[in-house]
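Participant: Before I ask anything, here is the structure I am working with.
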Amino acid sequence: MAMMHCFFTSATLMRRCCMNVFVPEKPHSDGQAGFPVVYLLHGRSDDENAYPAHGIQFLCEKYEFIVVMPDGARSFYTDMVCGQKYWTFISEELPTLISTMFPARTDRKNTFAAGLSMGGYGALKLGLRHPERFAKVASMSAVADISWVGRKEGSMSDEEVASIFGSRTAMIGTDDDLFELLKKSAPASGRPQLMVRCGDADILIEENREFVRRAAEAGNWQLDYAESPNDGHSWEYWMATLPEIFDFFSK
């Protein structure tokens with residue numbers, strides 16, 4: 001397994017960008033060309049180096065995936081009102097870049113997304129807005145209710161929220177609102193399978209429970225949900241959960 005730290009110029013973001021990519025060194029054991037792709041998104045306080053810094057290499061060596069870890073800054077993987085178009089970058093430019101640079105299988109059944117906290121929100125948004133591209137999506141401790149960023153517990157300044165969404169309530173009911181997307185996604189046969197994980201001591205546990213309730217209310221979602229007793233918003237929990245997610249993607 002090789003890890004590549006890539007520098008490239010993004011036409012969407014109009015600047016030099018970084019990403020880490022794990023690529024298998026041997027041909028896939030199924031004899032087919034290329035490898036499935038996992039887009040693995042970081043949280044609000046991290047960058048593209050977060051997962052490698054916490055030892056994800058052992059998972060990448062076990063599973064035959066290309067694992068793409070881009071830098072999403074603090075954007076909530078959104079086309080910012082006063083800033084850069086991170087949603088367009090993550091959902092449009094990045095997959096095209098990966099398909100041209102690496103031996104990636106680009107069909108839906110071989111494309112997955114996962115993330116933690118802000119990245120869990122981003123991964124779920126990828127799956128809900130582009131169900132035709134993703135077979136399975138997983139989140140850990142996700143910001144499942146985007147209105148959280150507009151409340152005090154979101155610990156974001158008025159200026160930062162306004163730069164991303166326009167105001168503290170502007171995102172509600174839009175395509176940046178996961179609850180809204182659950183209601184208007186693709187027909188059941190075309191929806192990605194979802195895995196949602198959260199510790200019951202996490203500050204975001206109630207909104208993850210609400211996401212599961214809203215998914216059940218919307219109907220016809222294949223959603224695997226589990227809570228981990230006494231676990232909070234921590235790398236210890238996330239690294240313990242990632243093997244389960246990779247196993248979910250591999251089946």
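The values are calculated or read from the model by the stated rules, or taken from the named source; none is laboratory data. Just so it is clear, the model here is predicted, and its values are computed rather than measured. As a convention, Cβ positions derive from the backbone with ideal geometry for all residues, glycine included, and neighbour counts pool all protein chains shown.
Participant: I245 versus (1) at pLDDT 95 or above; (2) surrounded by fewer than 22 Cβ atoms within 10 Å (Cβ to Cβ); (3) touching a Lys or Arg at 6+ places or on another chain (Cβ under 8 Å): which is the lone unmet condition?
Facilitator: (2)
Here's the yes/no breakdown for (1) touching a helix residue (DSSP H, G or I) at 6+ places or on another chain (Cβ under 7 Å); (2) of a type in the set (G, A, S); (3) farther than 25 Å from K85 by Cα:
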{"position": "F134", "(1), (2), (3)": "yes, no, no"}
{"position": "G166", "(1), (2), (3)": "no, yes, no"}
{"position": "M171", "(1), (2), (3)": "yes, no, no"}
{"position": "C198", "(1), (2), (3)": "yes, no, yes"}
{"position": "A216", "(1), (2), (3)": "no, yes, yes"}
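Participant: Ok, one more. How many residues does the range 112-156 hold that are of a type in the set (D, E) and within 20 Å of D224 (Cβ to Cβ)?
Facilitator: Of the residues in the range 112-156, the ones of a type in the set (D, E) are 132, 145, 153.
Filter again for within 20 Å of D224 (Cβ to Cβ), leaving 145.
Qualifying residue count for the region: 1.
Participant: Might you let me know whether the range 174-191 holds any residue that is in a loop (DSSP other than H, G, I, E, B) and touching a Gly at 6+ places or on another chain (Cβ under 6 Å)? Break it down stepwise before answering.
Facilitator: First pass over the range 174-191, keeping only residues in a loop (DSSP other than H, G, I, E, B): 174-177, 184-187, 191.
Going one step further and asking which of them are touching a Gly at 6+ places or on another chain (Cβ under 6 Å), we end up with none.
No, every residue in the range 174-191 fails to be in a loop (DSSP other than H, G, I, E, B) and touching a Gly at 6+ places or on another chain (Cβ under 6 Å).
Participant: Here's a follow-up. Within the range 135-151, restricting attention to residues that are of a type outside the set (G, A, S) and touching a Ser or Thr at 6+ places or on another chain (Cβ under 8 Å), which residue is surrounded by the fewest Cβ atoms within 10 Å (Cβ to Cβ)? So that I can check it myself, show each step before the final result.
Facilitator: Of the range 135-151, the ones of a type outside the set (G, A, S) are 136-137, 140, 143, 145-146, 148-149, 151.
Now restrict to residues that are touching a Ser or Thr at 6+ places or on another chain (Cβ under 8 Å): 140, 143.
Details: M140: 30, V143: 27.
Ranking the candidates gives V143 first.
Participant: Here's something else I'd like to know. Would you confirm whether any residue within the range 90-101 is touching a residue at least 60 places away in the same chain (Cβ under 8 Å) and either among the charged types (D, E, K, R) or in contact with a Gly (Cβ under 6 Å, 6 or more places away or on another chain) (or both)?
Facilitator: yes
Participant: Y225 versus (1) part of a loop (DSSP other than H, G, I, E, B); (2) at pLDDT 95 or above; (3) not polar (S, T, N, Q): which is the lone unmet condition?
Facilitator: Looking at each condition in turn, Y225 falls short on (1).
Participant: Any idea which of L59, L13 is at pLDDT below 95, of a type in the set (A, V, I, L, M, F, W, C) and either at positive phi or within 21 Å of the chain's Cα centre (by Cα) (or both)?
Facilitator: Numbers: L13 fails: at pLDDT below 95.
Residue meeting the stated conditions: L59.
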